[in-house]
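Remarks on the structure that follows.
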Amino acid sequence: MGLFSGKQETKPEFAPGETLTRRVLALLDDGAKGEEEVTASALASELALPVGDVEAELKTLVRFGNLVRRTGKNGEAHYSATPRRKLLGDLLVESRHLTAEQLKEALGEQHRTGERLGVILVDRGYVTKQIIGKMLEMQRGIPYVNLSAYPIDEILVRSLPERVIMEHKIVPLARSGDEIHLAMLDPSDIMAVDTVGRFLHGKVRPFLTTESDFSWVVNKFFDVGRKVGESLTEAGPNREDSEAANQGSAVGVVEAFDDSPVVRVLNTIVHDAVRIGATDIHIEPEADETPVRFRIDGLLADKTVLPRTVSDGVASRLKVLAGMDIAERIRPQDGRILFSVEGREYDLRIATLGTVFGERVAIRLLNNRQVQVGLERLGLFADQQATLERLLRHQHGMILVTGPTGSGKTTTLYASLSHINERVRNIMTIEDPVEYRLPGITQIPVREKSGITFGIGLRAILRHDPDVVMVGEVRDSETASIAIHAALTGHLVLTTLHTNNATGAIVRLVDMGIEPYLLTSSVLAVVGQRLVRLLCKACKGQRPALAADLELLGLPPGTDLMLPMAGGCAECGNLGYRGRIGVFEIMTMDEAVREQVLQRQPATVLLATARRGGMKTLREALAEKVREGVTTVEEFQRLTSAEAA
């Protein structure tokens, strides 16, 4: 007879050394799907263990939410498996923190990217991390702690190996008597509890925390400057590494970098950049030292300083891993490294250049998940998104996306391709380089050394019966001409052009030698865009609008308006901003604009005509973002000052 009213006929088999926790949970899971109860004495008999030991374990599992306890008629405690909890999304909808439509959109993104639902909801601005924490607390019955507002015991944090903290995503908070208060992303992680108990010699009490809270702690206590400093104390003379580069598939950082001090410096720099969401790393040698800067939300920030000997070693190691010529230190080189961190694949694009003080290295960090977003995440206003979706339904024609380098053009193109990516369409791209991999789409990289240019690649694509063609960039008149003719012969063509605004793209194409009548027949629309920094939701404030602000935003004098203001807190690194979003203008090729293009009118005339037709300019869109509280007047001035100049 088994534990569960005779329904269990055989005991589960246990591996040698199986922990008591695992054995208890295995027995409970084996019994009638957790629908029946068990007592400590019955379980102890089944396991052939002292009742006291089993009862203590059962109480721990109750505290962690794995079991439910009730008192029987005879006063003896009865335990059963926890009933199925409500899902986080359902709890948020029921509590009216989230609409069913918002949940549907977030779940769709989760399906595409594999990201945690809570992270997506916070990134979209639907809820705050505090709301996520409170809902998780309700779901699991374990208290939530806001780490950025909690006095964390730094000595206790550093008493735990960093690998344990990173692997289990836990943060020891404080010691209370013989109890260790432990913040956890997953309070059911019994292995983490066992590990912390062994290292810190105490009984663990779990607290819930969120992904953003954990990231904040990591950035605070394991920042790149501190870790680089620790590694540099061990660094010896620079040694050139001659091992072959692994360029096949993504490798883990542990596989990619060995354990020498110089390599640990590189490992730390890359890890920290990934962790805080940097898009670029700049290693810039000077006379006596080498500053390292990260580009975060479009702006560069100093992170650490390396001795010259160490920076030379870092550059050499990167060149080895990227398959570059390690002996060449003067001529420009570029290469690529694929690796994965915490299950996410990253693509490092390496570029080196000889300077008067040594080799300068620029590293572009590409995360495949960042581009797998829908049109609704780009920052388009509702009417702009409806316009773009309508344009993407065309069977032929050209849609141009314009803006300076780093303005998010690639993300817009990929989101557009994802929107129309169906098995009934043949979608092909020619890119330099292929920045992100899109399933179901044929992507071809430009290889100039092999004779594959944009023009040659585009000609080849047109012989493969494509429905949709994406050209990474129109750089010359040959590519422009082929793309225009492809749009005229039954293909939908998406491409980019480096101009400051939408109207400038038409003038630029005419300057390339494209006849205006071809443009009016092929171009459906031109999308101009920029990226603007988002205010940190945790610390943003408000202030009354000044007269100068109203004039800047194009509002009548005396308008009563409260404007958003950047603050600064632990969560945003005291910057007041966190993340970026797109700002767009869409000029459609209507009859009025066509007439002006045929007459070869300048960009100013095209702009005035498009505005009369209802186009919202970048400046107007940005002003609306300020009024909506998304960003600040200071960001408005930063982005529009270049235009004014």
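Taking the 1.4 Å solvent-accessible surface of the chain as the whole, the part contributed by carbon and sulfur is 50%.
Normalised by the number of residues in the chain, the mean separation of alpha-carbon contacts (under 8 Å, six or more apart) gives a relative contact order of 8 percent.
Here the translational diffusion coefficient of the stretch 313-396 follows from Stokes-Einstein with Rh set to the Kirkwood radius across Cα pairs; for 20 °C and 1.002 mPa s it amounts to 134 µm²/s. According to the Cα-based calculation, Rg over Rh for the stretch 439-549 is 1.16, with Rh computed by the Kirkwood formula.
Here the label points at residue 452 and residue 485, each 7 Å from Cα along the C-beta direction, are separated by 2.2 nm in the simple model.
Along the axis of the charge dipole computed for the stretch 88-218 (Cβ charges of +1 for Lys and Arg, -1 for Asp and Glu, origin at the Cα centre), the listed residues 216, 150, 89 are led at the positive end by 150.
With a simple spin-label model that places each label point 7 Å from the Cα along the Cα-to-Cβ direction, the separation between residue 595 and residue 74 comes to 9.6 nm.
Look at the dipole of the chain built from charges on Cβ: of 471, 188, 518, the Cα furthest out on the positive end belongs to 518. Over all orientations, the stretch 88-218 has a Cα convex hull whose mean projected area works out to 8.0 square nanometres. Here the Kirkwood formula puts the hydrodynamic radius of the stretch 143-208 at 11.6 Å, using every distinct Cα pair. Secondary structure note: in the stretch 96-229, about 45% of the DSSP beta bridges are antiparallel. Across the cross-link table entries 134/537; 129/537; 59/203; 303/625, which are compared at the Cα atoms, the separations over 20 Å belong to 303/625. A quarter of the convex hull surface defined by the alpha-carbon atoms of the stretch 261-367 gives 6.3 nm² as the mean projection. Rounded to whole numbers, the Karplus 3J(HN,Hα) couplings from phi for the stretch 609-626 are 5, 5, 5, 5, x, x, 6, 8, 6, 4, 5, 5, 5, 5, 4, 5, 4, 5 Hz, using 6.51 cos²θ - 1.76 cosθ + 1.60 with θ = phi - 60°, and x at Gly and Pro. Amide H neighbours of residue 290 under 5 Å, counting only residues 5+ apart in sequence or on other chains, H built in-plane at 1.01 Å? Long-range HN contacts for residue 290: 306, 308.
From most to least packed by mean Cβ count within 10 Å, the peptides 38-50, 305-317 give 305-317, 38-50.
Relative contact order of the stretch 470-598: what whole-number percent is it, with Cα pairs under 8 angstrom and at least 6 residues apart? Relative contact order, the stretch 470-598: 27 percent. Probing with 1.4 Å while keeping every protein chain in the model, the per residue accessible area of the stretch 449-507 equals 39 Å².
Potential lengthening of the chain between residue 517 and residue 383 amounts to 45.4 nm, from the contour at 0.36 nm per residue minus the alpha-carbon distance.
Phi-derived couplings, Karplus 6.51 cos²θ - 1.76 cosθ + 1.60 at θ = phi - 60°, listed residue by residue for the stretch 574-589: 6, 8, x, 10, 8, x, 9, 9, x, 10, 10, 10, 10, 9, 8, 7 Hz, with x used for Gly and Pro. From helices alone, the chain scores -11500 deg cm²/dmol at 222 nm; the rule is -39500 (n - 2.57) for each run of n ≥ 4 DSSP H residues, then divide by the residue total. Rg over Rh of the stretch 483-527, using C-alpha atoms and the Kirkwood radius, what does it come to? Taking Rg over the Kirkwood Rh, I get 0.93. Distances between placed amide hydrogens fall under 5 Å for residue 280 paired with 295, 365, all partners being 5 or more residues away or on another chain. Over the stretch 278-399, what relative contact order in percent results from Cα pairs under 8 Å that are six or more residues apart? Computed over the stretch 278-399, the figure is 21 percent. Roughly what % antiparallel, to the nearest 5, for the DSSP beta bridges in the chain? Bridges in the chain that DSSP calls antiparallel: roughly 65 percent. Using a probe of 1.4 Å on the protein chains alone, the accessible area found for residue 344 is around 60 Å².
For residue 355, the residues 5 or more places off, or on other chains, whose built amide H falls under 5 Å of its own are 360. Once the Cβ-Cβ distance of residue 146 and residue 620 is raised to the sixth power relative to R0 = 60 Å, the FRET efficiency obtained is 0.95. Which translational diffusion coefficient, to the nearest whole µm²/s, is obtained for the stretch 595-645 from the Stokes-Einstein equation, given a Kirkwood hydrodynamic radius over C-alpha pairs, 37 °C and 0.692 mPa s? D = 264 µm²/s.
For the stretch 40-164, the solvent-accessible area of protein heavy atoms averages 53 Å² per residue (probe radius 1.4 Å; ligands and nucleic acids excluded). Computed about the Cα centre, the dipole magnitude for the chain is approximately 920 debye when only Lys and Arg (+1) and Asp and Glu (-1) carry charge, each at its Cβ. Applying the Karplus relation 6.51 cos²θ - 1.76 cosθ + 1.60 with θ = phi - 60° to the stretch 111-125 yields 3J(HN,Hα) values of 5, 6, 9, x, 6, 5, 4, x, 5, 5, 4, 5, 4, 6, x Hz, where x marks Gly and Pro. Net charge in the neighbourhood of residue 292 (other residues with Cβ under 9 Å of its Cβ; Lys, Arg +1, Asp, Glu -1) is 0. Heavy atoms of the protein chains alone define the surface here; on that basis the stretch 261-367 has 39 Å² accessible area per residue at 1.4 Å probe size.
A Cα-only calculation for the chain places Rg and Dmax at 29.1, 95 Å.
A simple spin-label model places pseudo-atoms 7 Å from Cα toward Cβ; at residue 101 and residue 559 they are separated by 2.6 nm.
The values are calculated or read from the model by the stated rules, or taken from the named source; none is laboratory data. Because the structure is a prediction, the values reported are computed rather than measured. Cβ sites come from the backbone with ideal geometry, for glycine too, and all protein chains shown count toward neighbours. Protein only, heavy atoms only, side chains kept; ligands, DNA and RNA dropped before computing areas. Shrake-Rupley method; radii C 1.70, N 1.55, O 1.52, S 1.80 Å.
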